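Have a look at the structure below before the remarks.
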Amino acid sequence: MYIIFLGAPGAGKGTQAASVARKLGLVHIASGDLFRQALEQGKELGLKAKSYMEKGVLVPDQITIDMVLERISAPDSGGGAILDGFPRNLKQAEALDEALAQQGKAIDKVVYIKVSEEELLKRLSGRRVCRQCQTPCHVSDSPPRVEGRCDKCGGELYQRPDDTEESIKRRLEVYSSETAPLVDYYGRVGKLVEIDGEGGVDKVERRIVAALGGERL
Ligand SMILES: [Zn+2]
């Protein structure tokens, strides 16, 4: 069972991918972790990716796809995997499908976590992070006990430059132009599962698990 998670920044995609993977006994493959792990393990693909990152250029899709294929072929991925953060655009999706087909594999389902733009703006613009321990909180959804101070360590809370309203709008625009076409692409082949991403982390998780056929796949 190979599942892709899609969702705008702030939709809770990473959080849900991790917890649903645990619940269903699947491996969670976050594209960011993939690079880090490949590097830590001194793998050739990791070193290749690093050489691009050091030059400040995008890692070619083929390297990322090779990493994904290597990861889902690892023994612990036998039960299946959830891909989080890849593919990011149509070109990558088509290349991934082709590469999987060559191994006799295919994406089974694509979970699209849908959240209104208004809610995304609220979630992202209210986010604050501790300068010392990096623990996140939210000014209205999970407010700190003392204003401006981290609950965990008392450190100063700040807003990441990425989380200002202007940046958020730009990030959402990039998302719409790049990733939204994937929703159509997977919808056309009947693999898309749309999930209402509003109303609490646990509720959304239950919706996803139910939509994927419950706890026994
Ligand atoms: Zn802290």
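The values are calculated or read from the model by the stated rules, or taken from the named source; none is laboratory data. Only a predicted model underlies this, so the values are computations on that prediction, with no experimental measurement involved. The protein model used for the area step is the full one, side chains on, heavy atoms only, and it has no ligands, DNA or RNA in it. Shrake-Rupley method; radii C 1.70, N 1.55, O 1.52, S 1.80 Å.
Largest to smallest in accessible area, the residues M1, M67 fall in the order M1, M67 (1.4 Å probe, all protein chains included). With contacts taken as Cα pairs under 8 Å at a separation of at least 6 residues, the chain carries a relative contact order of 28 percent. Computed from Cα atoms, the angle from the helix 90-102 axis to the main principal axis of the chain rounds to 40 degrees. Surface exposure of the stretch 59-217, expressed per residue as accessible area with a 1.4 Å probe, stands at 56 Å². With both residues required to sit in the chain, DSSP beta bridges show an antiparallel share near 30%.
Rg/Rh, computed from the Cα trace of the chain with Rh as the Kirkwood radius, has the value 0.98. Spatially close Lys pairs in the stretch 79-216, defined by Cα atoms under 17 Å apart and a spacing of eight or more places or different chains, total 7.
In percent, what relative contact order does the stretch 113-156 have, based on Cα pairs under 8 Å that are 6 or more apart in sequence? Dividing the mean separation by the residue count of the stretch 113-156 yields 30 percent. Taking the C-alpha atoms only, the angle from helix 44-54 to the longest principal axis of the chain is near 50 degrees. Helix 61-72 and the longest principal axis of the C-alpha atoms of the chain enclose an angle of approximately 80°.
For the chain, the share of accessible area belonging to carbon and sulfur comes to 48 percent (1.4 Å probe, ligands and nucleic acids excluded).
Secondary-structure-derived ellipticity at 222 nm for the chain, considering helices only, amounts to -14000 deg cm²/dmol, per-run term -39500 (n - 2.57) for DSSP H runs with n ≥ 4. Estimated at the nearest 10 Å², the accessible area of E117 is 110 Å² with a 1.4 Å probe.
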